[in-house]
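Only one structure is covered here, and it is reproduced in the block below.
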Amino acid sequence: MQMTNASTRKLNNLWIIRKHVGLAQKSVAKLLGHRSTSVISEYENGRLLPSLSTALRLAVVYNRPITELYPDLYRQIQEEVQVAKGKSHFISNRRHESAPHI
């Protein structure tokens, strides 16, 4: 999935975690089944968001939870879900208030 918003480029810790575990991009590419390191670079720079399967593979390769690889994206999604839950709760409560009691 291509990332279009410039602010999404800070949404991952892939580079720093890869450096911390001591792997080269070439090693990660091989572990993910890629011949080239270009896709790993695109993931790390935030130009490309990996598929769920690839993100889970990265979590396994780095022995880190996916939420640690993408903490900003996780927080963003968490906030969006909380807002949606709040709206859903409000709508749900309004329905109960207007429903006739039998």
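The values are calculated or read from the model by the stated rules, or taken from the named source; none is laboratory data. For clarity, every value in this text was computed on a predicted model and none was experimentally measured. Here the Cβ is made from the backbone with ideal geometry for all residues, glycine too, and neighbour counts use every protein chain on show.
See the values below:
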{"item": "Residue that is modelled with the lowest pLDDT [pool: residues in the range 4-34 that are in contact with a helix residue (DSSP H, G or I) (Cβ under 7 Å, 6 or more places away or on another chain) and farther than 13 Å from Leu58 by Cα]", "result": "Arg9"}
{"item": "Condition broken by Gly86, with the remaining ones in (1) of a type outside the set (A, V, I, L, M); (2) free of Cβ contacts under 8 Å to residues at least 40 places away in the same chain; (3) surrounded by 13 or more Cβ atoms within 10 Å (Cβ to Cβ) satisfied", "result": "(3)"}
{"item": "Where a residue in the range 62-75 is touching a residue at least 12 places away in the same chain (Cβ under 8 Å) and acidic (Asp, Glu) and its partner, wherever it lies, is surrounded by 15 or more Cβ atoms within 10 Å (Cβ to Cβ) and not in a helix (DSSP H, G or I), with Cβ under 9 Å and at least six apart", "result": "Glu68/Asn13; Asp72/Leu11; Asp72/Asn12; Asp72/Asn13"}
{"item": "Residue among Arg64, Arg57 that alone is surrounded by 13 or more Cβ atoms within 10 Å (Cβ to Cβ), in a loop (DSSP other than H, G, I, E, B) and out of contact with any strand residue (DSSP E or B) (no Cβ under 7 Å at 6 or more places or on another chain)", "result": "Arg64"}
